[in-house]
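All remarks here apply to the structure that follows.
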Amino acid sequence: MVSPFAPNDPAFIADPYPRFAQLRAEGEVHWHPELGLAVAVSHSACSALLRHRALGRVWQDACPVDSFAAFNLLHRNSLLENEPPKHTRLRRLVATAFARGHTERLRPWVNTLADQLVDTLAARIAVDEQADLLKTVAEPLPVEVIAELLGVPAPDRHLLLPWSHTIVKMYEYGLAEDRRQAAEQASAEFVAYLRELIGHRRANPGEDLVSDLVSVADTDGERLTSDELVATAVLLLMAGHEATVNVVGNGVLALMRHRDQWDRLVAEPELLPSAAEELIRYDSPLQLFERTATAEVEIAGHHLQPGDKIAALLGAAARDPEVFTDPDRLDLGRSPNPHLGFGAGIHYCLGAPLARVEVTAILDALRRRLPTLELAGEPERRAEFVIRGLRTLPVTA
């Protein structure tokens with residue numbers, strides 16, 4: 001059987017959207033023998049599978065289990081990898097902690113940080129005639145924001161990004177064994193660090209989210225366990241950081257290649273909120289999100305038995321002409337924009353408000369400080385398919 005697409009093909013990774021359009025024209029759901037699951041390509045099918053209660057996140061330990069103790073611990077206890085009733089309890093507790101004003105508390109700090117990082121970018125361009133926007137702005141901002149959110153001391157923050165980059169490699173298909181072992185080592189180091197941080201916050205609470213996660217209690221007085229606290233903190237870093245970096249990287253690249261939209265943003269700052277949504281839609285930082293059937297279910301005519309897997313191809317859903325007018329066009333004023341970039345249903349991203357603050361802060365700083373921004377060379381793209389992003393983004397002004 002021919003695969004719908006080759007996830008390791010550099011040409012496909014460079015631009016998967018024409019192939020997605022072909023697949024949508026052929027049908028809403030396709031079997032992918034190489035991945036061992038069905039893939040949904042229409043917006044309606046992706047939306048249905050993300051919301052259907054008979055399709056859940058059913059965690060399966062990385063094997064051999066004894067070799068991946070830390071990696072598996074992070075996911076067994078993760079909000080993302082559990083279904084009700086455990087998910088209901090976890091989400092209620094984490095949402096209660098988040099609702100204590102953390103996004104608004106951080107908003108002015110994030111805006112200031114974005115200005116500082118873009119100033120650094122501008123200074124490097126002035127000296128060297130170009131600079132890497134990814135390394136200078138897109139990567140450092142979200143990791144600093146998550147570290148500030150969690151209350152990670154400044155001297156330790158350099159540890160977080162290498163851990164995150166190494167762990168998320170495990171979400172790709174066909175990963176080499178040495179990278180799997182590296183992901184476990186990073187997981188173990190991160191778990192050990194967070195246990196120490198959580199212990200410190202129990203004894204010395206502050207205004208950070210970890211302090212609130214430690215103290216928040218359910219209606220019956222039950223609190224998050226130590227393992228759940230660790231898993232929540234790691235999820236916030238990996239999901240929050242990876243998504244924001246790649247929205248900014250993919251998004252700024254799209255703006256540089258669609259000059260009319262960049263010039264429009266420079267002239268119309270009121271477009272910032274809708275611009276952030278459009279950049280998430282136009283080149284999705286997460287291309288595939290997997291679900292497992294817990295009961296017999298049908299999605300767009302495709303039948304699944306309990307245990308069968310199906311994935312939403314979010315990048316394909318985001319270019320569906322049945323939902324988005326002229327979907328291959330970048331339109332910063334697009335409204336409505338019902339993209340699925342933050343998920344849907346009970347697993348909708350809790351950190352979406354903070355991610356929007358980060359993306360709009362960076363875009364605003366760039367449009368004000370560097371209105372003549374342009375590419376200084378061809379960016380290098382990451383080789384992975386599931387998490388879509390760039391390795392470099394050279395710019396000048």
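The values are calculated or read from the model by the stated rules, or taken from the named source; none is laboratory data. Not measured: the values here are computed from a predicted model. Methodologically, a virtual Cβ is constructed for each residue, glycine included, from the backbone with ideal geometry; neighbour enumeration extends over all protein chains shown. For the accessible areas, the whole protein counts, side chains as well, though only heavy atoms, and no ligand, DNA or RNA atoms are used. Shrake-Rupley method; radii C 1.70, N 1.55, O 1.52, S 1.80 Å.
Extension gain for the segment Asp227 to Glu268, taken as residue separation times 0.36 nm less the Cα-Cα distance, is 10.2 nm to one decimal. Placing +1 on each Lys and Arg Cβ and -1 on each Asp and Glu Cβ, with no other charges, gives the chain a dipole about its Cα centre of roughly 520 debye.
Highest mean first, the peptides 374-381, 258-265, 34-41 sorted by other C-beta atoms within 10 Å per residue fall in the order 34-41, 258-265, 374-381.
Size of segment 40-157: Rg and Dmax of its alpha carbons, in Å, are 20.0, 57.
Between the listed residues Val245, Pro205, Leu271, the Cα displaced farthest toward the positive end of the dipole of segment 140-277, a dipole computed from Cβ unit charges relative to the Cα centre, is found at Val245.
Suppose we look only past 34 Å in the calculated P(r) of the chain. What percent of the Cα-Cα pairs does that tail hold?
Every Cα pair in the chain considered, those over 34 Å come to 28 percent.
Relative to the Cα centre, the charge distribution of segment 146-295, modelled as +1 at Lys and Arg Cβ and -1 at Asp and Glu Cβ, gives a dipole magnitude of about 340 debye.
Once you reduce segment 25-73 and segment 305-323 to the center of their Cα atoms, the two points are 10 Å from each other. Assuming a ≥ b ≥ c are the square roots of the Cα gyration tensor eigenvalues, decide whether segment 1-108 counts as rounded (a/c under 1.5), prolate (otherwise, with a/b larger than b/c) or oblate. It comes out prolate by the Cα gyration axes. An oblate overall shape is assigned to segment 333-397, the ratio a/c of its alpha-carbon gyration tensor axes (a ≥ b ≥ c) being 1.5 or greater and a/b not exceeding b/c. Kirkwood hydrodynamic radius of segment 288-354, from the reciprocal of the average inverse Cα-Cα distance over all distinct pairs: 14.0 Å. Which percent of the accessible heavy-atom area of the chain goes to carbon and sulfur, probe 1.4 angstrom? Carbon and sulfur together cover 54 percent of it. Over all other residues within a Cβ to Cβ distance under 11 Å of Pro273, the charged ones net out to -3, with Lys and Arg as +1 and Asp and Glu as -1. Looking at the chain, the accessible area is 41 square angstrom per residue; that uses a 1.4 Å probe and ignores ligands, DNA and RNA.
Label zone (Val58, point 7 Å along Cα-to-C-beta; backbone nitrogen cut-off 17 Å) within segment 290-313: 290-299, 303-312. Per the Kirkwood formula applied to alpha carbons, segment 152-277 shows a radius of gyration over Rh ratio, Rg over Rh, of 1.10. Summing charges over all other residues whose Cβ lies under 14 Å from the Cβ of Thr103, with Lys and Arg as +1 and Asp and Glu as -1, gives -2. The magnitude of the dipole of segment 309-397, with charges of +1 and -1 set on the Cβ of Lys/Arg and Asp/Glu and taken from the Cα centre, is near 240 debye.
When a/c is below 1.5 the answer is rounded, else prolate if a/b is larger than b/c, else oblate, so apply that to segment 86-131 with a ≥ b ≥ c taken from the square roots of the Cα gyration tensor eigenvalues. Taking the square roots of the gyration eigenvalues as a ≥ b ≥ c, segment 86-131 is oblate.
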